[in-house]
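Okay, structure first, notes after.
Read the figures in this text as sums done on the coordinates, not as results from a lab. Keep in mind it's a predicted model, so treat the numbers as computed, not measured. Here the Cβ positions follow ideal geometry from the backbone for every residue, glycine too, while neighbour counts run over all protein chains shown.
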């Protein structure tokens, strides 16, 4: 079973993503509320994919992405962005994110994006 870690400062977004992914057959191996928590969690879980929000307190998604890619250049990451963050999304793709999901999102779009990167 493919594994996913969800990183978003909104507990509601984490629950929504986790619910959609679990229902589709993915295993959610952890979630974090900011980039710093995500990096600590990565020491104990090795997800096949990380969904990473761009705007978060403590450590934002761009900084976390850079640190994740330094540790493991092959780590698969999908960025989650709010409308109006096109420049940051482009920057994240240049750093090594494989795709992005724009908020607000629907379950179908999330699953199509995740399935492209991480087929079940």
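To the nearest 0.05, what FRET efficiency results for residue 1 and residue 112 with a Förster distance of 22 Å applied to their C-beta separation?
Values: r = 19 Å, r/R0 = 0.87.
My answer for the efficiency is 0.70.
Determine the calculated [θ] at 222 nm for the chain from helices alone, applying -39500 (n - 2.57) to every DSSP H run no shorter than 4 residues and normalising by the residue count; nearest 500 deg cm²/dmol. Kindly include the intermediate steps, with their values, before the conclusion.
On the way: 5 runs with 54 residues, N = 120.
Here the helix-only value at 222 nm equals -13500 deg cm²/dmol.
Exposure proxy check: 79, 16 ranked by fewest other beta carbons within 10 Å? Mind dumping the intermediate values first?
Working: 79 26, 16 17.
By the 10 Å Cβ count, ascending, the order reads 16, 79.
Work out how much length residue 105 to residue 93 would gain on full extension: take 0.36 nm times their residue separation and subtract the Cα-Cα distance, in nm to one decimal. Write down the numbers at each step before the final one.
Numbers: separation 12, 0.36 × 12 = 4.32 nm, distance 1.90 nm.
The residue 105-residue 93 span can extend by a further 2.4 nm.
What is the Cα radius of gyration of the chain over 2.2 N^0.38 Å, N being its residue count? Before the final figure, lay out each step's value.
Working: Rg = 12.6 Å, N = 120, 2.2 N^0.38 = 13.6 Å.
Here the Cα radius of gyration is 0.93 times the empirical estimate.
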